[in-house]
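First comes the structure, then the notes that go with it.
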Amino acid sequence: MGTATHRTTRVLALSLATVVGTMALAVIPAAADPGTAGNRAPATVQDVNAGEEYTQFIVSFKKTPGNSSPGGRANAWGRAAKQLGVSVREVRTLATGGTLIASDKALSGKAAKDFMAEIVASGAVDAVEPDARMTAVLTPNDVRYGEQWDFTGTNGMRIPGAWDVSTGAGSVVAVIDTGITAHSDLDTNVLPGYDFVSDAAAARDGNGRDANPQDQGDWYAAGECGQATAANSSWHGTHVAGTVAAVTSNSAGVAGVAPDARIVPVRVLAKCGGALSDIADAIIWASGGTVAGVPANANPAKIINMSLGGSGACGVTYQAAIDSAVARGTSVVVAAGNSNQDASGFRPANCNSVVSVAASNSSGTLSYYSNFGASVDLTAPGGDTRVSGGGILSTINTGATVPGSEGFASYQGTSMAAPHIAGLVALMKAKSPALTPAQVETTLKQGTRPMPGGCTAGCGAGLSDASATMALLGGAAPPPAGNLLLNPGFEEGAVSWTSDHADTFETGPDARTGTRFAGLNGYGRATSYTLDQTITIPSAAGSASLSFYLKILSDETTLTKAYDTLKVQVISGGVTTTLSTYSNLNKSSTYGLKTLDLSAHKGKTVTLRFLGVEDSSLKTFFYLDDTAVTTQ
């Protein structure tokens, strides 16, 4: 077919609706190897939180012969320990590769900074950070047995429609939290987990790490945990697990977002919260990685929920653990935080490659306590006792301190928002198991709707819509592993793509593969077509590229003038960049492969756009098929 005759009788169609920290201190090693310091990234010292004391630190050593033994590694902190008058011992090697060390005295403020800076000055390490405490991101309110507005309410997540596509069967979600207690709404969906709390006294089980993830209670007395008043046990992990995967067969209970998914409870939070070193090991173990001294996880999770956090930059340890999980194909969903501040100052919400979730209320606005900003990926119901509808109803234990009987309660917090998304990812993975974490994140963002009550502070892509998200996955096979684009060959028509013309999505023999393709322009008069898909390109990728097959049929005869053009663009942060331009001068009767570099956009959520423009006469038809965004 040598001329653009395909659209001689075509009628212009109506437009489609749009689918839609704390600073690290840089220290140059004083004793770096000659000739290499200029080529090596500066070692980093993670800053400390005001008023917080630390007895443990995580050291990332350079891979040198001198650091291969405990005695060699001890040289790094020998001078620092002497200057501060403390005794330091090596505790263990984390699954991230970092080394956990402990001081016999608590260090805070300038003393903690000086200790870490002196270790870096040894020249033997790449980074040092405190083994900070993380806490559950929760604000509890009174027990109640109301309706689950978060599922079915006007400003809820529209969960029931998603169940027409998937109920989560086959998906495994690791809930990294306070552990779990027995509950008839949960027990049948719970798989064997693990207790990663190293501090036996805080764990209240007398033995530190073990294979029993039972929540022993996180209560504390007045004056403990830096709090002036006492607090009862939260049973936080049980509440979170219920939102993810409570069964639906119990008419007296509640429903989980993914009622047929399975939960692996992983205990990291106990009295006064949990240590970063324990949480990092738990992330790796939950996703199927190896942790020294811990039996392998028999049920690796493809979804991790972490409704926990603390202030500060992400840090080397958190990011290494998350990168390890994501590399194994596990999506990491985290709470944005409850401080009514920019989430960029809170971890793990500010880490790369996580899905960070803010909280909304029954009025469709951002909950008063929720963190916000550019680090937020999307928003989900988290409850708000200041508006009608209140909190999020889920499973708990009724014991004030130690476990008692099962019950239900409404809590509010980004801790409650995150498991809504983790449950939705379980539905997605049950439907399309080959989805990569990057594809999951892209689809979640595409499946949002604008915040019903508006959001100027930054609610990410918007309010999660479970029904719309599952509809994006369509009924065909998922995209090939490694391709960030959904519906890359247009075999499901407009699914996952947005165009300003409905007739962009074609069926017929002009498809390169399958039966469908995308066709832009071809009218022989002034027309403009756009074809978009929004994706998130992982920051950990070494490189990223866009490839597609293009065929251009044109009635233009000139060999010198580009009258009709197809621009391939990237839209990021309101800025449009044109990667390449094709025109009637490139016409061909066969498809040709085009490859463009996207590496400059790693770590960003961007919109890919194909923009076709015709002038006032003579047709040019741009055919697209078999698109892909891949990373290495």
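The values are calculated or read from the model by the stated rules, or taken from the named source; none is laboratory data. A quick note: this is a predicted structure, and the numbers were derived from the prediction, not measured. Cβ: placed from backbone, ideal geometry, glycine included. Neighbour counts: every protein chain shown.
Side notes on the structure shown:
- Any hit, the range 407-418, residues being under 27 Å from Ser339 (Cβ atoms), outside the structural domain of Val570 (by TED's automatic domain parsing), assigned to a loop (DSSP other than H, G, I, E, B) and out of contact with any helix residue (DSSP H, G or I) (no Cβ under 8 Å at 6 or more places or on another chain): yes
- Residue count for the range 43-66, restricted to those that are touching a helix residue (DSSP H, G or I) at 6+ places or on another chain (Cβ under 6 Å) and assigned to a strand (DSSP E or B): 6
- With respect to the conditions (1) closer than 21 Å to Asn305 by Cβ; (2) not assigned by TED's automatic domain parsing to the domain that holds Ile180; (3) not hydrophobic (A, V, I, L, M, F, W, C), Pro437 lacks only one, and its number is (2).
- Tabulated pairs, the range 126-137, first on the phi > 0 side of the Ramachandran plot, second surrounded by fewer than 22 Cβ atoms within 10 Å (Cβ to Cβ), C-beta under 6 angstrom, 6+ apart or interchain: none
- Test: residue in the range 588-598 that is modelled with pLDDT of 90 or more and crowded, with 22+ Cβ neighbours inside 10 Å: yes
- Residue in the range 599-632 that is surrounded by the most Cβ atoms within 10 Å (Cβ to Cβ), counting only those that are part of a strand (DSSP E or B) and among the hydroxyl-bearing types (Ser, Thr, Tyr): Thr620
- Scanning the range 528-540 for residues that are modelled with pLDDT of 95 or more and of a type in the set (Ser, Thr, Tyr) returns Ser528, Tyr529, Thr530.
- Subset of the range 117-164 (residues that are at pLDDT 85 or above and more than 30 Å from the chain's Cα centre (by Cα)): Ala117, Glu118, Ile119, Val120, Ala121, Ser122, Gly123, Ala124
- Test: residue in the range 182-189 that is buried (at least 21 other Cβ atoms within 10 Å of the Cβ), outside any helix (DSSP H, G or I) and not aliphatic (A, V, I, L, M): yes
- Elements of type strands (runs of 3 or more DSSP E) contained in the range 298-390, each with 3 or more residues being closer than 30 Å to Pro433 by Cα: 303-306, 331-335, 355-360, 378-381
- Test result for Thr330, touching a Pro at 6+ places or on another chain (Cβ under 9 Å), within 24 Å of Gly274 (Cα to Cα), of a type outside the set (Gly, Ala, Ser) and surrounded by 24 or more Cβ atoms within 10 Å (Cβ to Cβ): yes
- Among the residues making up the range 430-453, those that are within 21 Å of Asn352 (Cα to Cα) and assigned to a helix (DSSP H, G or I) are Pro437, Ala438, Gln439, Val440, Glu441, Thr442, Thr443, Leu444, Lys445, Gln446.
- Strands (runs of 3 or more DSSP E) (entirely within the range 82-135) containing at least 2 residues that are crowded, with 19+ Cβ neighbours inside 10 Å: 99-108, 125-130
- The conditions of being surrounded by 18 or more Cβ atoms within 10 Å (Cβ to Cβ) and under 30 Å from Val240 (Cα atoms) are not met by Ala518.
- Count of residues meeting criterion [assigned to a loop (DSSP other than H, G, I, E, B), surrounded by 15 or more Cβ atoms within 10 Å (Cβ to Cβ) and out of contact with any Phe, Trp or Tyr (no Cβ under 7 Å at 6 or more places or on another chain)] in the range 214-247: 9
- Flag if Gly399 is in a loop (DSSP other than H, G, I, E, B), touching a Ser or Thr at 6+ places or on another chain (Cβ under 6 Å) and over 18 Å from Val355 (Cα atoms): no
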